[in-house]
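One structure below.
Read-outs throughout are calculated quantities, based only on the coordinates presented, and are distinct from any laboratory measurement. In this text, all values refer to a predicted model and were calculated from it rather than measured experimentally. Cβ placement follows ideal geometry from the backbone for every residue including glycine, while neighbour counts extend to all protein chains displayed.
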Amino acid sequence: MANDASNDAFVEFERVQKSYDGETLVVKDLNLTMPKGEFLTMLGPSGSGKTTCLMMLAGFEHATHGDIRLGGESINGIPPHKRGIGMVFQNYALFPHMTIAENLAFPLEVRKLGKSTREEKVMRALDMVEMGDFGGRRPAQLSGGQQQRVALARALVFEPELVLMDEPLGALDKQLREKMQFEITHLAHRLGITTVYVTHDQTEALTMSDRVAVFDDGRIQQLAPPDQLYESPENSFVAQFIGENNTLEGVVKEIKGKTCVVQLDDGEVLDAVPVNVSEVGERTRVSIRPERVEYNTDRLDPDAHTLNAEVLEFIYMGDIFRTRLRVAGNEDFVIKTRNAPDQVRLKPGQQIKIGWMAEDCRALDA
Amino acid sequence: MSDTTQQPMLSADGRPLKQSLARALRRQKIRALLLIAPLLLFVVVTFIIPILSMLFRSVENEIVSNTLPHTVVALQEWDGTTNQAPDEEVYRHLYFDLFRAVESKEHTKLGSRLNYEQTGLSSLFRTSGRSLDDLGEEYQDPLEEIDPRFKEGAFWYEMLNGEGGEELLESRRELWRMGVGESMAGDIGFVPSAQMAEMLPWTTRAYTDFAIWTVIDDEDVVAEEDPWEAVYAGLAQDLQNPETITAISNYSGPGAEALQAAANNVDKLPEVNFREGFAKIKEDWASPEVWSTIQVFSANYTPGYFLNAVDLELTPDGVQAKPENQQIYMQLFMRTLWMALVITGACIVLGYPVAWLLANLPMRVANTLMILVLLPFWTSLLVRTSAWKVLLQQQGVINDILVWLGFVGDADRLILMNNATGTIVAMTHILLPFMILPLYSVMKTIPPSYLRAAKSLGATNWTAFWRIYFPQSVPGIGAGSILVFILAIGYYITPEIVGGTSGIFISNRIAYHISSSLNWGLAAALGSILLVVVLVLYWAYDKIVGIDNVKLGG
Amino acid sequence: MKLITKFIKPMAAATAIASLSTMAMADGHMVSDMTIVSWGGAYQDSQIKAYAEPYMEMNDGVSITWDESSAEAVAKMRAMNEAGNVTWDLVDVTAASAIRLCDEGLAMEVDHDEMLAEAPDGTSASDDFGDLIVSDCFIPQIVYSTTVGYRTDLVPEGTPAPSDICDLFDLATYPGMRALEKRPLNNMEWALLCDGVAKEDVYDVLATPEGQEQALAKLDTIRDNVIWWSAGADTPQLLADGEVFMGSTYNGRLFSAIVEQDQPIGMLWDAQVFDLDGWVIPADLPEERLARVKDFVKFATDTQRLADQAKYISYGPARESSAPLVSKHAELGIDMAPHMPTDPNNAKNTFLYNYEFWADYRDDIDAKFQSWLAQ
């Protein structure tokens, strides 16, 4: 078991706390274990503590309490330059007074590698990110995407086992970002590098990661693979933060095994999966993804509860339709439907019935 | 295709596009020019013009030829290497030139000017000015004895006034204009008679000089004033000429009687010898050395001041090094540059960490620290320097503390001021903000992520600083260094107060020549050299470091 | 003859009108504002109390602006003259500066007898001032001297206090630092005097390159022990701080350090170098301003006013007739006469600064002196 743990746990945070001012904790009791080769994303709004965690791992911040281990050894007392962790910064931090090749050679130089080895490794790293022809340029002469690739190459050129990335795609436009997301994941998996990736963009987190740690208020709210995170959020913060989500508030009426009945504030009732509720009478917030809402009642279980809704707005978005409804007093209730030939286009003012499979609706903390 | 490329592009109204663009831009340029016009004017008036006038003053030397115009011309013939004083003609011109100069009090200015080149000329001209009248009186008294009418101003006026001498009048007026620097314009109620000008040239010229000065400067009436002694000397000079004697005997115009009396009694007049006369006033006039100096510095423009400023001097034998015991300026220039360099270095060493702290501390703390940095700006330079005096002197605070701590004995307290150390310490303190501010503003623009990146790539703190941070802060060092160095090179109050003798700068000598010795020409030459040195250094800096690499801020 | 009369008549008329108007101005049309330039400090205060305040009391509405620029007066007057805008009306300068200003044509030549008041006994002003009128432009006020002060408490035990100017050069008997002025004047003379040159020969010797070398060689013997000063206030401060043992300065500065501030300082009168300070009037002042200045100067340099000034500062009045009127210090009430450089007891061995010599040799000797200093 102990053996297994040391094999599995390449990066470990154990009961880590961090405070800057001695009054409030920025990171509260963080526990995290990462196996080798995993691509893990720390996702959260700004101020949630994700970047602080990354900086503690890199060695630029010290944990106020707790232990951070790398490959089984505590690295609390090890200065950043001895940790051997590659890092990609938000604004790339390419050294402006050096050429691209010099930037890449820098980590090799400080490791006192011979000149020929250096040149070879630099060339290989540049080729890897398809920047082989740019070695003689200065960072300022490159576009944002190119700089991003160089930053990545520089973080990898000395072959670290762990790479940290601090919102590396934040400054790129949408198209380029999506392309880079793919390239980075691809590269990370191909090289088998363990990666910790910080972002506040949930799409990025979902598309790139093996696992996502959702941060809020200095804690990990949920640590799970993307699909689980999306489909089975464990609390209303995660549900809200990941993807689009409709919420309705009410009281638990009845719990029967894996489903429960919730009575909304206007008296209507619905079916849900009890996730964070355990007692009848407890207040809850139910969450349902827009694409899981059904208004074609024929497709629902005959005995499923349905709710009355009024169509407020219909938006044509090409591949999907987005319809805004008023449901139980909530005017921001959104449903998404695929643009299929047989799909009904709802009209504002229309009164309809909506419903869903009980397992798609999650009763969470209020 | 080839047709279209050769045809000029036309704008919408059919004009060539280039023309339209130039028109549009010209209007923009004029508007831009108008916007900066007040500043431009200000800079020209307060900066460019003074600098040009300084450059001009460092070579200008018109005073000699303006004050002694005829003497200078006559002296051209003289060969100074013969070790013989010039001949009578030069002295004769000197007499009449100097007489005008004495009347307008220009001779002492000339004396002061020439005294920079040769010791003793100041008093030579001053004493000569006082005794010049005596020289004329030697002839005035016997002439008045021969015929008492020579005593009367009106008599002289009647005799010499006439017509045809307008040209002479204007040429004499021009001489005054040069000598005094004023226009001397206006009707003087006297025109020299052409006949007299031919018969008695020296007399008429001297009288015309007298007439112009009497009317224009003294605002008197010519005919009512007794003529100057120079007029009598002129007459005596004229009577030396046998042709004049003959002409007088045939003359029948106004004053003929008196003139004939004088001509018949020439033997009663002492022989005219200005050379002896001047030698009698002061024997220096007989020395070829004095005349060499006048000859060498008779040109309107002289390299003399510049030569002096680099410890050389202009002599009749050409440019020579000054005697060793009078060489000072090259040494001072070198010392000024060297000490400015040391001060700049000290400012970098002391200012860099402070600027780094300022750029990296939290805003609130940094602001407080910034106030401390700027604090010296709010106290007067004199006060700060005097405070250093209190700290640095032998019975001062620093020495007291060292003695109290037992580092130095009471008997051998350190000499921290009245030498180069004092100047360097005080000026480093005073100029430090000029280093810190540009450094700070450059450092502020270096994101901390660079250092982190370097460390994450495996660099130690020192390597990260030296290879990554430092090169990026170099523009700030450059800007601060230029600022500090150029300011330091021109400092003079601080070196004056704490520099003693070994810690003073070239500017202290410039100040001395401006305010004490009044040798503004030399001061201007020293200042010009300093300006050129700064420009050359700036140019070298641009070549080596590149002026684009100088940043005063983000 | 016709021509002459034709010309003379209108000219004469014009002159008559001009002189009439001049007289009218002299009587009534004087400006009421005056800018007087002086040295600031105690000296300027003594002028304000002795001349300016009484004058303003007598003449209602007159106001005087003081400009403390005397130290740079010559350069500033030259600059003003070149700019064609002379804003000063009366300038207090040393005699050497007055000679310089006169030479440069920047100061007005004055007829002392016509412009200044007679002595009470009827002696003419020029006789009353005597030799002190060293320049046609110079109106003397005071006689001061440059002399040497020393720290009484630092005199080595068993040694008599210094009394001879040559003690300045005697490091064996009187060890310690010296303060000397950073210019050749006075220092060169003292050096020669203490190197065996007779007083009357000093300037003859100093006129030769060998003599200049001799003086510098003498100064060489103490140069490591000298702090060179450039402002008159430096030496009293250096003495008070114990930075130097002896130093040269103006006798008035020493008087205030010793008598008014009660510092442990003593002074030598031996070989004190007399110098003069007085007024010059800028050249080419407009008539109305000149009229006011003349009126003020006549008052400010009369026998009583010069004697009054000595109540406030220990400089000797330049008029012979003022000497007997010198009374007591205005605040301390001590008798001022014994503190005057001109007092017979003090003036036993004096040295008269040779203006003519220094006007000639200033540039030359200064270059050598500065070069010597820089070595």
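Annotations
- Tilt relative to chain A, helix A:144-156 - C-alpha long axis, 0 to 90 degrees, to 10: 60
- Calculated FRET efficiency, A:R299 to B:F470, Cβ-Cβ distance, R0 = 60 Å: about 0.30 to the nearest 0.05.
- Shape class of the range B:311-426 from the alpha-carbon gyration tensor: oblate, with a/c at 1.5 or above and b/c at least as large as a/b.
- Every helix of 4 or more DSSP H residues in chain A counts as -39500 (n - 2.57), and over all residues that averages to -7500 deg cm²/dmol at 222 nm.
- Between the range C:32-89 and the range B:349-382, the alpha-carbon center distance in angstrom: 43
- Applying a DSSP loop filter and a limit of 12 other Cβ atoms within 10 Å to the GluC sites (Glu not before Pro) in the range B:159-188 leaves B:E163, B:E182.
- Net charge of neighbours whose Cβ lies under 11 Å from the Cβ of B:E77, counting Lys and Arg as +1 and Asp and Glu as -1: -3
- In whole angstrom, the range B:69-296 maps to an equivalent ellipsoid with semi-axes of 29, 21, 15, each derived as √(5λ) from the alpha carbon gyration tensor and ordered largest first.
- Sites matching chymotrypsin sites (Phe, Trp or Tyr not before Pro) across the range C:52-126 that sit in DSSP coil, with at most 12 neighbouring C-beta atoms within 10 Å: none
- The relative contact order of chain B, computed from alpha carbon pairs under 8 Å that lie at least 6 residues apart in sequence, is 15 percent.
- Inter-label distance, nm, simple model (7 Å from Cα along the C-beta direction), A:K258/B:L39: 7.7
- Compared with the dominant principal axis of the Cα atoms in chain C, helix C:2-27 is inclined by about 60°.
- Beta bridges per DSSP, both residues in the protein assembly as shown: antiparallel share near 70 percent.
- Likely footprinting exposure, B:S122, B:S11, fewest C-beta neighbours within 10 Å first: B:S11, B:S122
- Note on chain A: with a GNM built from Cα contacts shorter than 10 Å, the maximum mean-square fluctuation among A:V277, A:V198, A:V88 falls on A:V277.
- Principal-axis tilt of helix B:520-544 within chain B, Cα atoms, nearest 10 degrees: 30
- Placing pseudo-labels 7 Å out from each Cα toward the beta carbon at B:A185 and B:E289 gives an inter-label distance of 4.6 nm.
- Charge tally in the Cβ shell below 13 Å around B:T315, where Lys, Arg are +1 and Asp, Glu are -1, B:T315 excluded: -3
- For the range A:333-348, 3J(HN,Hα) per residue [Karplus equation, 6.51 cos²θ - 1.76 cosθ + 1.60, θ = phi - 60°, Hz, x = Gly/Pro]: 7, 10, 10, 10, 10, 5, 7, 9, x, 8, 6, 7, 9, 6, 10, x
- Taking other residues whose beta carbon is less than 15 angstrom from the beta carbon of B:T302, and scoring Lys, Arg as +1 and Asp, Glu as -1, yields -2.
- Shape category assigned to the range B:329-549 from the gyration tensor of Cα positions, a/c cut at 1.5: oblate
- Once the Cβ-Cβ distance of A:D266 and A:F314 is raised to the sixth power relative to R0 = 22 Å, the FRET efficiency obtained is 0.40.
- When both the range B:57-129 and the range C:342-375 are represented by their alpha-carbon centers, they are found 27 Å apart.
- For the protein assembly as shown, the Rg and Dmax computed from alpha carbons only, in angstrom: 48.3, 161
- In nm, spacing of pseudo-spin labels at B:S249 and A:A171 (7 Å Cα→C-beta vector): 11.1
- Across peptide C:354-360, the average count of Cβ atoms from other chains found within 10 Å of a residue's Cβ is 4.
- Relative contact order, whole percent, for chain A stands at 15, derived from Cα pairs under 8 Å and 6 or more residues apart.
- Listed residue (B:I371, B:M443, B:A420) projecting farthest to the positive dipole end of the range B:329-549, Cβ model: B:M443
- Taking every residue in B:326-334 and counting other chain Cβ atoms within 10 Å of its Cβ, the average works out to 4.
- Counting Cβ atoms of other protein chains within 10 Å of each residue's Cβ and taking the mean over peptide A:88-100 gives 4.
- Between B:V383 and A:R111, the FRET efficiency estimated from the beta carbon spacing at R0 = 60 angstrom works out to 0.65.
- Under the combined filter of DSSP loop state and at most 12 neighbouring Cβ atoms within 10 Å, the range A:318-359 retains these trypsin sites (Lys or Arg not before Pro): A:R345.
- A:H65, B:H429, A:H97 arranged by Cβ crowding within 10 Å, fewest neighbours leading: A:H65, A:H97, B:H429
- Going from the fewest other Cβ atoms within 10 Å to the most, the residues C:T159, C:T342 appear in the order C:T159, C:T342.
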